[in-house]
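Peer 1: Can you read through this structure? Questions will come right after.
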Amino acid sequence: MSKKTEATASSNQPSTLDTTTAAKDTVTNGHTTARDLDTMSKIGDATLMHKKRDDDLMYRQVESKEHDSDSDIDDDKVRSDEELCGSLSGADRWNFILLVILYLLQGVPVGLTFGSIPFLLKAKMSYSQIGIFSLAHYPYSMKFLWSPIVDAVYNKDIGRRKSWIVPIQLMTGLMFLWLGMNIEGWMAQDQIAVGTLTMVFFILIFFCATQDIAVDGWALTLLSKGNVSYASTAQTIGLNTGYFLSFTVFLAFNSPEFSNRYFRTIPQEYGLVPLGGYLKFWAVMYLAITMWLVFMKKEERSHLDEDDIGIKAVYQIILRIIRLPHMKSFMMVLLTAKIGFIANDAVTALKLLEKGFSKEDLALAVLIDFPFQIIFGYYAVRWSTGARPLKP
């Protein structure tokens, strides 16, 4: 939504990733205030892309007015764009699936950090210690600070987005592998090393946030112009699914009670899926998908890459956008919208655990929300496209 503000000269151009951040707000029930600040995180990357594309559109509109004889050609182009919009076929369908997978990978560490780990630690940690662990969430809210760097610095031979996605996912996979071999011992200690655990997951979320910047930027060129709005649909599906797997599904299968009740005839004192094993599985998935990207997926060079703008210029664009009157009002909305919900979002689930509510039943309760998040995320894309994306 913030990226739309810069392209005021072409108000009829539909918003593409405007609903991406709105989709993220449906990912979890907790820590929504921090994720609301994520709306600003893609300014440095996607605003620049939109501005260039909108400038091209404005140039074509002026040119068509000066050359009335070419009006038939322009009408044909508009009709062809309208025909492309709303339909996924051929390469776009496979690129859409790729985006879903990349966003799903992003949702796995988010689900663990925002959901499962605080639940697993609650028995051994106080609320103040859990508050310290919540510092690991903040890279996700502050990634707009380094998003211009991700956009401007890259290797042309590898690709503008793959230059960041490939090494970030490799490091995340290796970190998952290392964490999977050590975290069981950490969790078994009577006194949890909160500082160490916070730092480890802070780094994971930093990698996740950086991957998100690159994937959001790639989505603008990976899909054809008429189907760019499907990027936010891919994010809604992928990110929610990754979070769902790492929170609801993992906590259920990690619970001895759930495993004994539904899958075992002889009760055991451990669940079907240990935390270490779960992390090792996703380490393999991260590495396998990244290798596929390296050897099988070529990043096409876009005309948007030919006229690069320096890092300093992008930060100047961000400052100009922040100073716009409508942006100031919108930032105030984001900073205050969740005040009435934050206590419930952050504390209610942990209090229910204190009162004897099992973590697996609490996790399964999220299952009720999951289909609604997917369905309304899809319709949010449809309702918020067009000349007035904020009208809904």
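The values are calculated or read from the model by the stated rules, or taken from the named source; none is laboratory data. Quick caveat: nothing in here was measured; it's all calculated off a predicted structure. Every residue, glycine as well, gets a Cβ built from its backbone with ideal geometry; the counts of neighbours run over all protein chains shown. Please note that ligands, DNA and RNA were not included when accessible areas were found on the heavy atoms of the full protein model with its side chains. Shrake-Rupley method; radii C 1.70, N 1.55, O 1.52, S 1.80 Å.
Peer 1: As a test of reading the structure, rank Trp383, Trp292, Trp146 by solvent-accessible area (1.4 Å probe, protein chains only), most first. If you can, show how the numbers build up before the last one.
Peer 2: Working: Trp383 145, Trp292 120, Trp146 45 Å².
Order by accessible area, largest first: Trp383, Trp292, Trp146.
Peer 1: Could you quote the convex hull projected area for region 104-180, Cα atoms only and averaged over all directions, in nm²?
Peer 2: Working: hull surface 25.5 nm².
The number I arrive at for region 104-180 is 6.4 nm².
Peer 1: So, one more: Students often get this wrong: which residues of region 119-146 have the backbone nitrogen under 13 Å from the point 7 angstrom along Cα-to-C-beta of Val347?
Peer 2: Zone members listed by number: 127-128, 131.
Peer 1: Using modelled amide H (1.01 Å from N, peptide plane; none on Pro or chain starts), what sits under 5 Å from the amide H of Gly159, excluding residues fewer than 5 places away?
Peer 2: Excluding prolines and chain starts, which carry no amide H, there are no hits.
Peer 1: Ok, one more. Can you give the Rg and Dmax of region 231-346 based on its C-alpha atoms, in angstrom?
Peer 2: According to the Cα coordinates of region 231-346, Rg and Dmax are 22.8, 65 Å.
Peer 1: I would also like to ask the following. Taking θ as phi - 60°, what are the ³J(HN,Hα) couplings along region 134-142 by the Karplus curve (6.51, -1.76, 1.60), each to the nearest whole Hz, with x for Gly and Pro?
Peer 2: Those phi angles translate into 5, 4, 5, 6, 5, x, 5, 8, 10 Hz.
Peer 1: Extent of region 79-225 along each principal axis, from alpha carbon coordinates, in Å, largest to smallest?
Peer 2: Cα extents, longest axis first: 65, 31, 27 Å.
Peer 1: Set the Förster radius R0 to 22 Å, insert the Cβ-Cβ distance between Val333 and Arg382 as r into 1/(1 + (r/R0)^6), and round the FRET efficiency to 0.05.
Peer 2: Details: r = 22 Å, r/R0 = 1.02.
Step by step, r from the Cβ atoms, then E = 0.45.
Peer 1: Find how much the distance from Leu145 to Ile266 grows on full extension, using 0.36 nm per residue of separation minus their present alpha carbon separation; answer in nm with one decimal. Walk me through the numbers on the way to the answer.
Peer 2: Working: separation 121, 0.36 × 121 = 43.56 nm, distance 5.29 nm.
Computed gain between Leu145 and Ile266 is 38.3 nm.
Peer 1: Also, I was wondering about something else. Within region 126-233, what whole-number % of the accessible surface is contributed by carbon and sulfur, with the 1.4 Å probe and all protein chains included in the calculation?
Peer 2: Looking at region 126-233 in its full context, I get 68 percent from C and S.
Peer 1: Using the C-alpha atoms of region 152-197, what convex hull volume per residue, in cubic angstrom, is computed? Each step should come with its number before you reach the end.
Peer 2: On the way: hull volume 3.4 nm³, N = 46.
Output value, Cα hull per residue: 74 Å³.
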